[in-house]
Amino acid sequence: MTKAVKKQEDTSIVETKKPARGFEDGVEQDDLIIPRAKLLQAMSPEIVDGVEGLRPGMIINSLTGEVLPEEFIPVFKFKDFIRFNPRSKDDPNFDSAFEPGGVIWKTSDPTDPRVVETKFGPNGEKPLATTFLNFFSHSPGSEMPVIISFAKTGYKAGKQLLSLCKFSGGDMFSKKYKLTSQKESNGTDTYYVLKVRASGIPLDTEFRSSELLWEGYSRRVQDIQVHDMGEETVGVGGRRPY
């Protein structure tokens, strides 16, 4: 039996009948940069530069610099596979053709033969590349979507979110969740990782906004450009922990 959900009044505008002025010719998806949920670490530029009001453990919109609300609605998921150039030129895997910390290659195709570099070697060698589990998400009250990415030490939380979405039934965007951070330590460094938990049912307008994002973006994942997806995304003090 389907449980009835009480509708709540919400006057948010989720779509318009005509483009806003200045956008009459439309906007191509590959011309847009989607911000990501950026988890601030002790060595994040915002913290090093002393941006007022920010501290390690906060989660901000990478494009606007604003602190993100805890509540979000995942719309769809996709993976990225990225190999970053080491920051130290003394690293045996450093490639002089690329800037320190720069992207050597990136793909969202799991059949790309380079994806093998995201796996540990036969003798326990650390991967040369990183797998990102991304959730294209909607924050209630905001018209701007955001990418929430999980990698390395945070990948477990991404799998937990995916499991919650899958086993709760229905569309991925039929449930809301909360995104927070938790301090952890590997014995040498102290850093923050993302944590997620369930947070109820979206309002009708929130569901429709998420549905519109799914219709507009999910079929062209390869064209999604994530803002500021650098080595710092998964790093702690310049290092990438496992």
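The values are calculated or read from the model by the stated rules, or taken from the named source; none is laboratory data. Bear in mind that the values here come from a model prediction, so they are computed numbers and not experimental data. Note: ideal-geometry Cβ built from the backbone for every residue, glycine included; neighbour counts use all protein chains shown. With ligands, DNA and RNA removed, areas are computed over all heavy atoms of the protein, side chains included. Shrake-Rupley method; radii C 1.70, N 1.55, O 1.52, S 1.80 Å.
Length gained on full extension, Phe78 to Met43: 9.8 nm, using 0.36 nm per residue less the C-alpha separation.
Suppose we look only past 26 Å in the calculated P(r) of the range 107-242. What percent of the Cα-Cα pairs does that tail hold? Result: 31 percent of Cα pairs exceed 26 Å. Rounded to whole numbers, the Karplus 3J(HN,Hα) couplings from phi for the range 103-113 are 7, 7, 7, 8, 8, 10, 9, x, 8, 4, x Hz, using 6.51 cos²θ - 1.76 cosθ + 1.60 with θ = phi - 60°, and x at Gly and Pro.
Surface composition of the chain: carbon plus sulfur atoms contribute 50% of the solvent-accessible area (1.4 Å probe, protein chains only, all chains present).
Relative to the compact-globule estimate of 2.2 N^0.38 Å, the Cα radius of gyration of the range 44-108 comes out at 1.52. Site pair Ser88 and Ala20 shows an inter-label distance of 4.7 nm when each label is modelled 7 Å from Cα along Cα→Cβ. Maximal additional length on extending the Asp95-Leu54 stretch stands at 11.3 nm, based on 0.36 nm per residue less the C-alpha distance. Take the Cβ atoms of Asp31 and Arg114, set R0 to 30 Å, and the FRET efficiency comes out at 0.65. Cross-link pairs exceeding 28 Å in C-alpha to C-alpha distance, out of Lys89/Lys178; Lys175/Lys195; Lys126/Lys176; Lys106/Lys175; Lys89/Lys126; Lys38/Lys106, comprise Lys89/Lys178; Lys126/Lys176; Lys106/Lys175. Karplus-derived 3J(HN,Hα) values for the range 33-43, using 6.51 cos²θ - 1.76 cosθ + 1.60 with θ = phi - 60°, are 10, 8, x, 10, 6, 9, 8, 6, 10, 4, 9 Hz; glycine and proline are entered as x.
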